[in-house]
1. Quick one: what pairs do we get from segment 92-109, first residue at positive phi, second exposed (fewer than 13 other Cβ atoms within 10 Å of the Cβ) and outside any strand (DSSP E or B), C-beta under 7 Å, 6+ apart or different chains?
2. Among the residues of segment 73-92, what is the count of those that are surrounded by 18 or more Cβ atoms within 10 Å (Cβ to Cβ) and over 21 Å from Ser21 (Cβ atoms)?
3. I'm told Asn73 meets every condition in (1) out of contact with any Leu (no Cβ under 7 Å at 6 or more places or on another chain); (2) closer than 16 Å to Arg107 by Cβ except one. Can you identify the failing condition by its number?
4. Is it true that Gly46 is more than 22 Å from Gln118 (Cα to Cα) and either without any contact (Cβ under 8 Å) to a residue 40 or more places away in the chain or out of contact with any helix residue (DSSP H, G or I) (no Cβ under 7 Å at 6 or more places or on another chain) (or both)?
5. Consider segment 42-55. How many of its residues are among the acidic types (Asp, Glu) and in a helix (DSSP H, G or I)?
6. Only residues that are under 16 Å from the mean Cα position of the chain (by Cα) and in a strand (DSSP E or B): list them for segment 56-79, please.
7. State all residues of segment 7-25 that are touching a residue at least 60 places away in the same chain (Cβ under 8 Å), part of a loop (DSSP other than H, G, I, E, B) and not β-branched (Val, Ile, Thr); if no residue qualifies, say none.
8. Which one is nearest to Ile120 (Cα to Cα) among residues in segment 80-101 that are of a type in the set (A, V, I, L, M, F, W, C) and in a loop (DSSP other than H, G, I, E, B)?
Amino acid sequence: MKKRPNTRTMIDEHFEVKRSSIKGAGKGLFAKKAIRPGDTIGHYTGKVLTDRQTERKPYSESVYIMWVCKDHNILGEGPLANYTRYINHKSKPNGQIVTSNRWKTARIEAIKHIKPGQEIFIDYGPDYWAEEEPS
């Protein structure tokens, strides 16, 4: 099997997407410049879906849906998605999700100093890992 090169996607002067440091995770988001606690890494963007829409195919099969507030979910794949979709999970993250019910947004914020070259992680939370209940 031929090994693929470590392809990188340059986002801007602050971030790049390349192979994650987590084995089997695919791509990850890496800092190109120092990030301080409290700095905004980016907003999770994508198609907005109702709770009901997320329960039906094809959306029910996506791993890129972020719940923001009642009846407001963001599908972080497709043409409206951005680089934040490449942020992987770690139980001891260096970033966190900050949601706003008022503005119906999800922002990724640094909670630790992140050095250039470090991968950015958030904790996906227990709901992400919960097995679906049989209908």
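1. That search, which allows pairs on different chains as well, returns nothing.
2. 3
3. Only one criterion in (1) out of contact with any Leu (no Cβ under 7 Å at 6 or more places or on another chain); (2) closer than 16 Å to Arg107 by Cβ is unmet by Asn73, namely (1).
4. So Gly46 passes the test.
5. Within segment 42-55, the first condition is being among the acidic types (Asp, Glu), and the residues that meet it are 51, 55.
Add one more test, that the residue is in a helix (DSSP H, G or I), and what stays is 51.
Number satisfying all stated conditions: 1.
6. Scanning segment 56-79 gives Ile65, Met66, Trp67, Val68, Asn73, Ile74, Leu75.
7. Ser20, Ser21, Ala25
8. Going residue by residue through segment 80-101, those that are of a type in the set (A, V, I, L, M, F, W, C) are 80-81, 87, 97-98.
With the extra rule that they be in a loop (DSSP other than H, G, I, E, B), the set shrinks to 80-81, 87.
Numbers: Leu80: 21, Ala81: 17, Ile87: 6 Å.
Among those residues, the one meeting the criterion is Ile87.
Values quoted throughout were computed directly from the atomic coordinates according to the rules given, and no laboratory measurement underlies them. For clarity, every value in this text was computed on a predicted model and none was experimentally measured. So basically every Cβ, Gly included, is an ideal-geometry build from the backbone, and we count neighbours across all protein chains shown.
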